[in-house]
Amino acid sequence: MINSIAEIHATAKQMDAVRIAVAAAADIDVLTAVNDAKLAGIADAILVGDISEIQRLCSKHGIDCQQFELENIPEPRMAARRAASLVKQGSAQVMMKGLVGTADFMRAVLDKTEGLGTGRLLSHVVAFEPAGYQRLLLLTDAAINIAPDLAQKVQIVENALQVSRALGNQETKVAMLAAVETVTASMKATEDAALIAKMAERGQIKGCRIDGPLALDNAVSLAAAHHKGICGDVAGHADLLVVPNIEAGNVLYKSLVYFANTPLAGIVVGAAAPVVLTSRADSPANKLNSIALAVVVSGVRR
């Protein structure tokens, strides 16, 4: 099982060659990450965007842009549509966001003619490497689904399990997060958590063990779970945290990044191919980590 960001990189290097279609690639952090991926032997790229600006940035920062295929489409929305088309037609296996708005980028991903939609719900999955946790901790969904209902939460769990299995975990321990550990009618998240846990118990969601509702401390700390008298396979041992809504996910995500400087790798799943959707505030290192995760999820071993 892959237990660290370094192991994600090592595994990515063992995969078949993967090409990334970068939408609106004139962003130095994205170009740095793509260049590092190329130098590490993880992935190649097609840079779609304003070629003159891409070349200027590469020249300024010592990146050889001649090692990549370039397509000159200066308008960001059209660049996103072209990047999606390249993946759809098989010229690339991963799509990545550059200097284009998230809404425009996701519209290109979901375009009915040239996009990557499959009819499945799209959701964001991020793998964190918290200090002292001794394994990767997956988090979903902190970026796309605002207030998912019960059926959408089931799809979010199943999408995340796809990533967990790609990381070698065939029996993922899933914690459905809420503010409390008891089912309370006034807190819809607790009811959804309990229902999804029961669905897994009855085999409706496979390849995992699910418990919930669980507060964050009981999901990741065995001492906290014991103190509150919470037993089971998941309490204190969670591999995957499922948040009740985007606000909770966004706050938890950014807390791990800005307070704990936690390394991460994040992708969107549910489309026909992995999609690297990073924040403009994410470091080049975390963008590179996300590329490596996309390669592991998309690729076949050499």
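Worth pointing out:
- Residues in the stretch 97-128 that are under 19 Å from N145 (Cα atoms), aliphatic (A, V, I, L, M) and outside any helix (DSSP H, G or I): L110, L116, L121, L122, V125, V126, A127.
- Residue within the stretch 278-301 that is in a strand (DSSP E or B), at pLDDT 95 or above and under 22 Å from L31 (Cα atoms) present: no
- Residue that is most open to solvent (accessible area, probe 1.4 Å), among those in the stretch 246-285 that are of a type in the set (D, E, K, R) and in contact (Cβ under 8 Å) with a residue 12 or more places away in the chain: R280
- Identity of the residue in the stretch 1-20, of a type in the set (G, A, S) and more than 16 Å from the chain's Cα centre (by Cα), that ends up least open to solvent (accessible area, probe 1.4 Å): A10
- Residue list for the stretch 52-111, restricted to those being open to solvent by less than 80 Å² (accessible area, probe 1.4 Å), closer than 10 Å to A24 by Cβ and free of Cβ contacts under 8 Å to residues at least 24 places away in the same chain: E75
- Which numbered condition V48 fails, given (1) buried (at least 20 other Cβ atoms within 10 Å of the Cβ); (2) closer than 30 Å to Q170 by Cα; (3) at pLDDT 95 or above; (4) in contact with a strand residue (DSSP E or B) (Cβ under 7 Å, 6 or more places away or on another chain): (2)
- Only one of the listed residues (A189, A194, A200) is in contact with a Cys (Cβ under 7 Å, 6 or more places away or on another chain), open to solvent by less than 60 Å² (accessible area, probe 1.4 Å) and not in a loop (DSSP other than H, G, I, E, B). That residue is A200.
- Qualifying residue in the stretch 114-136 (condition: free of Cβ contacts under 8 Å to residues at least 24 places away in the same chain and closer than 24 Å to T262 by Cα): yes
- Conditions (1) out of contact with any Pro (no Cβ under 6 Å at 6 or more places or on another chain); (2) closer than 28 Å to K173 by Cα; (3) modelled with pLDDT of 95 or more; (4) not aromatic (F, W, Y): number failed by V94: (1)
- Filter pass, A160 being crowded, with 24+ Cβ neighbours inside 10 Å, at negative phi, modelled with pLDDT of 95 or more and assigned to a helix (DSSP H, G or I): yes
- Selected residue (criterion: farthest from G101 (Cα to Cα)) from residues of the stretch 274-302 that are among the small types (G, A, S) and under 12 Å from the mean Cα position of the chain (by Cα): A292
- Cross-chain or 6+ apart pairs with Cβ under 8 Å, the stretch 17-42 first and over 23 Å from A272 (Cβ atoms), then among the β-branched types (V, I, T): A26/I54; L31/I54; L31/I63; T32/I63; N35/I63
- Meets criteria (more than 30 Å from Q89 (Cα to Cα) and either open to solvent by less than 60 Å² (accessible area, probe 1.4 Å) or in contact with a strand residue (DSSP E or B) (Cβ under 9 Å, 6 or more places away or on another chain) (or both)) for V297: no
The values are calculated or read from the model by the stated rules, or taken from the named source; none is laboratory data. What you see is a predicted model; the values in this text were computed from it and never measured. Heads up, the Cβs are rebuilt from the backbone with ideal geometry, glycines too, and the neighbour counts pull from every protein chain shown. Ligands, DNA and RNA are excluded from the accessible area calculation, which covers all protein heavy atoms including side chains. Shrake-Rupley method; radii C 1.70, N 1.55, O 1.52, S 1.80 Å.
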